[in-house]
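What follows is a set of notes on a single structure, which appears directly below.
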Amino acid sequence: MKKIFTFTCAISVPLLFSQSAVAEFDYFKTDGSFKRFSVSAGWLHASPQGKANPMQTTTAAKNGVVADNGSVKVETVREVLVKDQDRFGLIDGTLGALGAETDLSKVPVLGDVSGTTEINGLESWTSAGTGLEADDVDTFGFLFNYYLSDNWSIEVKAGIPPKVDILGQGQVFAPLTGKVSPSGAAGPLLGDFDISKDIPITDLTQGDGVSSSARAWLPAAGVQYQFGKSGVNKFRPYVGAGVMYAYFNDIELNNGIREDLEMAGHQIQNIKDDKAGAALENVKSNQEMSVDVEADSAFAPIVTLGATYDFNDRWFGVGSVSYAKLDSDTTITVENDMGEELIQAKTNLDIDPYITFLGVGYRF
């Protein structure tokens, strides 16, 4: 709230006092041909026009990292095995002979043959067809105008900060590739072999498509020119231009997505702990996971087209349509209980709203 108040004061005060005030604040008085101030209140509707941008993900599993596989079942390895490389069927045949539930770290007679994996693909990737979009929202809004003359005014626009639903698009997959080097007696027989799998991380459309919600503070200030003349024209169109400030708090992530990201954190932690097999089998690590979501504050240009209709010299109706070129970077991070960042997912949220206002005002 402090940021909003500071922003409003920073814009309004210099404009209000851009000319020297005279004794007893005569600057705020007029000859009666127009009123110096007006306040309006009414319905405010924001309709975002931006489209979802792909989610960009980075993790602590750097390309080329080599991790011990540890405990891992035969069926898990066979699911990620690149098939075309096994010309003579030695790999698949040997794994098949051991039985699907066999733990490769505890093979009878042979002992630990699970070996290591050189992991690639998890350091950074972009998920096509994914992203976030802001939903429409309604709230109670108000306008405050200070008139420099009968035609020119400074306007501050705001509303009761609404809860905005953020809609998710698409599914996020991690493009795992790797080279397995079996250990023990099976190593020379099988040799190194490649694995590959798009590992599902989360579905951003779960929860009726609402991936998260946030409280949106969107005050705006600018200069307005109104056509016509007070006391002569009841209907007076106007145009305006200025700047909007966007601030988001009370961000809440969909519980299903949060749980998916916590499990993804466990997968990366297992790789760091030399338990690559446990990562493939979605086994929880020995760390606790926390998920944090942040949306950057932003400034945006805003333009307005509107009109007022006078009921008398003080009361009037007002309607306007504004457009703001607004976007904000949204960042999701997953950390372990030691504060180490394991996953960061980032996307640019294009909001670009049309803002409709319809209300009643009073001049004084």
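The values are calculated or read from the model by the stated rules, or taken from the named source; none is laboratory data. Worth saying up front: this structure is predicted, and the values here are computed from it rather than measured. Positions of Cβ are backbone-derived with ideal geometry, glycine not excepted, and every protein chain shown enters the neighbour counts.
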| message | Among the residues of segment 281-307, what is the count of those that are under 18 Å from V334 (Cα atoms) and of a type outside the set (K, R)? | response | 14
| message | Condition first: among the hydrophobic types (A, V, I, L, M, F, W, C) and over 26 Å from K346 (Cβ atoms). Now tell me which residues in segment 291-314 satisfy that. | response | V303, L305, A307, F311
| query | So which residues in segment 231-243 are in a strand (DSSP E or B) and either buried (at least 19 other Cβ atoms within 10 Å of the Cβ) or free of Cβ contacts under 8 Å to residues at least 60 places away in the same chain (or both), if there are any at all? | reply | R236, Y238, G240, G242
| message | For the structure I just gave you, tell me whether D296 is farther than 26 Å from I154 by Cβ, out of contact with any His (no Cβ under 8 Å at 6 or more places or on another chain), of a type in the set (D, E, K, R) and surrounded by fewer than 16 Cβ atoms within 10 Å (Cβ to Cβ). | response | yes
| request: Considering only segment 46-74, state which residues are over 25 Å from T126 (Cα atoms), in contact with a Gly (Cβ under 9 Å, 6 or more places away or on another chain) and not in a loop (DSSP other than H, G, I, E, B). | output: A46, D68, K73, V74
| message | Can you tell me which residue is surrounded by the fewest Cβ atoms within 10 Å (Cβ to Cβ) among those in segment 244-264 that are modelled with pLDDT of 95 or more and among the charged types (D, E, K, R)? | response | E259
| So which of L132, L176 ends up being within 34 Å of the chain's Cα centre (by Cα), at pLDDT 95 or above and surrounded by 15 or more Cβ atoms within 10 Å (Cβ to Cβ)? | L176
| request: State whether one or more residues within segment 222-240 are over 16 Å from the mean Cα position of the chain (by Cα) and under 30 Å from E341 (Cβ atoms). | output: no
| query | Counting only residues that are farther than 30 Å from T76 by Cα and under 26 Å from the mean Cα position of the chain (by Cα), how many does segment 277-335 have? | reply | 23
| remark: (1) of a type outside the set (A, V, I, L, M, F, W, C); (2) within 30 Å of D329 (Cα to Cα); (3) not in a strand (DSSP E or B) all hold for K157 apart from (3)
